[in-house]
Amino acid sequence: MKIRYGMVGGGENSFIGSVHRQAAALDGEYELVCGAFASDAVRSQHSGLSLGLSAERSYADFTTMVQQEALLPADQRMQCVVIVTPNHLHLPAAKLALQHGFHVLSDKPATFDLAECRALAEIVRKTGLLYGLTHPYVAYPMVQQARTLVAQGRLGTVHKIVVEYIQGWLSSPLENSGHKQASWRVDPARAGNSCCMGDIGVHAFNLAEFVSGLEVTQLRGELNRIVAGRQLDDDGVVSMHFNNNARGVLLASQISTGEENNIRLRIYGEKAGLDWQQMEPNSLWLRPNNQPAELFRTGTAYVGEAARWHTRVPAGHPEGYIEAFANIYRAFAGQIRAHASGHNPVQQAPGIKEALRGMAFIETVVDSASRDGWLPFPAV
Ligand SMILES: NC(=O)c1ccc[n+]([C@@H]2O[C@H](COP(=O)([O-])OP(=O)(O)OC[C@H]3O[C@@H](n4cnc5c(N)ncnc54)[C@H](O)[C@@H]3O)[C@@H](O)[C@H]2O)c1
């Protein structure tokens, strides 16, 4: 049986909602059964109809959606709510869904701020329902392989982590021309207290902790507002200390003109360094000290089990963003089925722990930048 999901956000002319629908469709495990796709009832219903939903299940708003779905017979109502709205609506939608018995798969940043995320974690704990967070970069096969190599000790002790996420699309004040995606990202009322770190720095942070298996213990942030008139950062850099004493630097920028979606992770250990870039996602370089570099490739026989699980097609056929998102969906489907049957899932999508650490990262970077000093990473 397919898993029935409802979507909040993701209406016409939006960005990530359609990526989620494509990812959910890729393995045939999900069926979109309802949605509240926009802030405006008419646009929401129009979006639902154009996606092939019935008028009754193209809801005017997410409160109505959750309440009405909860009244349907168990074999018809949605099982899971996917949240793809601007950030300020993540908690209200997730809270309502969980309180009505629905699992939640949300886009990042998890909530508007850390206090909201702590409240969310408490609701997740109390309800015992599932919460997943779509950090797709950790679900690329070669990122999984990178984590395996670190865990196998191929790098030795990790000394240094350099992670960057650089884009150029906000290098001019797009928001002034009504650009939908730019407008809310630079608005503190809808984005939260950060644009660049909240939007993309948090992915880089999540990637660095996931692959290294380490945790940031203290950090110092510098945030810049390069384009005149912005209230939130569009560029920044973070120095980090990790719990094995490794040092790190995280660079995030949305004003680096000419850059597309350049997220790159380099980890240097005592024996070797590794290097992965999402714009060349099927390749992972391992560079041992004083030996020729090794190139790991997606879909080959020599990669580890985790990389294989995250791969769909044979070597040489590029897999990318939608497939990585689909890997999160596949993992979460396994979690939903395991939850229902009382078994252990095979894979776990990023969840509430990653949500809390991500929100703690954003908040600490903003605080540190305003005080111009190092701060401990909060316990979450
Ligand atoms: N994981 C990723 O790689 C990734 C990439 C892009 C965006 N995101 C995240 O996804 C979310 C959406 O980003 P986007 O770029 O798609 O934004 P967007 O502006 O393109 O889309 C937002 C959608 O939410 C809808 N919406 C607004 N208020 C609503 C309400 N009250 N009820 C229902 N729908 C409502 C809008 O009508 C629109 O359809 C953000 O939280 C963003 O950080 C994640």
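The values are calculated or read from the model by the stated rules, or taken from the named source; none is laboratory data. Keep in mind it's a predicted model, so treat the numbers as computed, not measured. Note: ideal-geometry Cβ built from the backbone for every residue, glycine included; neighbour counts use all protein chains shown. Areas reflect the complete protein model, heavy atoms only, side chains present, ligands, DNA and RNA absent. Shrake-Rupley method; radii C 1.70, N 1.55, O 1.52, S 1.80 Å.
Observations, loosely collected:
- Between Ala151 and Glu31, residue separation times 0.36 nm minus the direct Cα-Cα distance comes to 39.6 nm.
- The stretch 95-162: trypsin sites (Lys or Arg not before Pro) in DSSP coil with no more than 16 other Cβ atoms inside 10 Å: Arg154
- Taking a ≥ b ≥ c as the square roots of the eigenvalues of the Cα gyration tensor, the stretch 89-239 is classed as oblate, since a/c reaches at least 1.5 and a/b does not exceed b/c.
- Calculated FRET value between His46 and Arg190, using beta carbons and R₀ = 22 Å, to 0.05: 0.50
- Under Karplus coefficients 6.51, -1.76 and 1.60, residue-wise ³J(HN,Hα) of the stretch 351-360 in Hz, glycine/proline x: x, 5, 5, 5, 4, 5, 5, x, 5, 5
- Taking amide H as placed 1.01 Å from N in the peptide plane, Val82 has its amide H under 5 Å from the amide H of Gly6, Met7, Val8, Leu105, each at least 5 places away in sequence or on another chain.
- Computed FRET value (nearest 0.05) for Glu122 with Trp169, which takes r as the C-beta separation and R₀ as 22 Å: 0.05
- Spatially proximal lysines relative to Lys126 (Cα-Cα < 29 Å; intrachain offsets below 8 disregarded): Lys2, Lys95, Lys108, Lys353
- Shape call, the stretch 72-121: gyration tensor on alpha carbons, a/c limit 1.5: prolate
- Gyration tensor (alpha-carbon) shape descriptor, the stretch 280-380, a/c threshold 1.5: oblate
- In Hz, Karplus ³J(HN,Hα) per residue of the stretch 24-39 (6.51, -1.76, 1.60; θ = phi - 60°; x = Gly, Pro): 5, 7, 4, 9, x, 9, 10, 9, 6, 10, 6, x, 10, 8, 8, 6
- Taking a Cβ cut-off of under 13 Å around Gly35, the surrounding Lys, Arg, Asp and Glu residues balance to a net charge of -1, with basic ones at +1 and acidic ones at -1.
- Rounded to the nearest 10 square angstrom, Lys353 shows an accessible area of 120 square angstrom against a 1.4 Å probe.
- Binned Cα-Cα distance frequencies in the chain - 10 Å width, integer %: 5, 23, 33, 26, 11, 2, 0
- When shorter helices are ignored and each DSSP H run of at least 4 residues is given -39500 (n - 2.57), the per-residue value for the chain at 222 nm works out to -10500 deg cm²/dmol.
- For Arg225, distant residues with modelled amide H under 5 Å away: Asp234
- Extension gain (nm, one decimal) between Asn243 and Glu305, 0.36 nm per residue minus Cα-Cα: 19.6 nm
- Extending 7 Å from the Cα toward the beta-carbon at both Gln348 and Asn176 defines two label points whose distance is 4.7 nm.
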